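The next block holds one structure in the form of structure tokens; read it before the comments.
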Amino acid sequence: MNIQIHESAYIDTPCEIGEGTRIWHFSHIMAHCTIGKNCNIGQNVVISPHVVIGNNVKIQNNVSVYTGVVCEDDVFLGPSCVFTNVINPRSAVVRKNEYRQTIIRKGASIGANATIVCGIEIGQYAFIGAGAVVTKAVKAYALVVGNPARQTGWISEYGYKLQFDKTGVASCSESGKQYRLNEGHVTEILSSNE
């Protein structure tokens with residue numbers, strides 16, 4: 001199998017690691033997690049039991065992905081971003097049966113040092129700004145920043161801010177893909193040959 005694992009990393013078994021994935025210095029992959037193909041797991045990353053990581057996911061240095069987190073394909077997790085999995089943790093109270101699922105949908109990006117409170121969904125291609133504290137669900141293609149995080153706009157699949165015209169249509173400045181804003185939700189406008 002074409003997997004690159006640095007000699008300082010710990011890999012507990014059983015776990016699944018897809019072809020082409022690279023795992024860097026001092027990272028710990030725990031038992032019963034699933035990591036897809038062509039992922040890049042940075043330095044000092046922890047992937048906890050039963051976490052599911054899709055294909056082509058990039059996890060930067062110093063990220064702990066706790067039980068209950070699901071990252072779909074093409075997700076980007078910035079340096080030192082933080083996940084939680086219990087809404088009201090106490091050291092003296094065991095709450096492992098209360099883990100809440102957090103889903104990061106395809107293509108979403110989470111900026112450096114952002115905190116994602118458990119039990120929410122980050123929509124596809126959403127963009128979470130650096131240092132944001134996300135306490136509620138984020139819509140697909142939404143751009144959110146701040147503490148607490150608030151939506152400040154919409155963003156394309158390629159990561160460019162979308163400017164909608166009076167008909168509710170916007171184009172990505174890099175890809176040329178078009179998007180429609182309708183009743184507070186953004187969708188890609190598919191061409192007739194897609």
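Structure notes:
- Scattering curve values for the chain, log₁₀ I(q)/I(0), Debye with Cα scatterers, q = 0.08, 0.11, 0.12, 0.17 Å⁻¹: -0.28, -0.52, -0.61, -1.08
- Estimated vicinal HN-Hα couplings, Hz - region 9-19 in sequence order (Karplus 6.51, -1.76, 1.60; Gly, Pro = x): 7, 10, 10, 8, 10, x, 8, 10, 10, x, 3
- ³J(HN,Hα), Karplus 6.51/-1.76/1.60, whole Hz, each residue of region 25-31, x for Gly, Pro: 3, 6, 8, 10, 9, 8, 4
- Over the chain, relative contact order from alpha-carbon pairs under 8 Å, at least 6 apart, %: 10 percent
- Percent breakdown of C-alpha pair distances by 10 Å bin, ordered from the shortest bin, for region 87-194: 15, 41, 27, 11, 5, 1
- Fewest-first sequence of Thr21, Thr115 by Cβ atoms within 10 Å of each Cβ: Thr115, Thr21
- Taking label positions 7 Å along the Cα-Cβ direction at both Thr187 and Asp12, the computed distance is 4.2 nm, reported to one decimal.
- Proportion of all alpha-carbon pairs of region 1-112 beyond 25 Å (%): 16 percent
No lab work stands behind these numbers, since they all come straight from the coordinates. None of these values were measured; they are calculated from a predicted model. Every residue, glycine among them, receives a Cβ derived from its backbone with ideal geometry; neighbour counts consider all protein chains shown.
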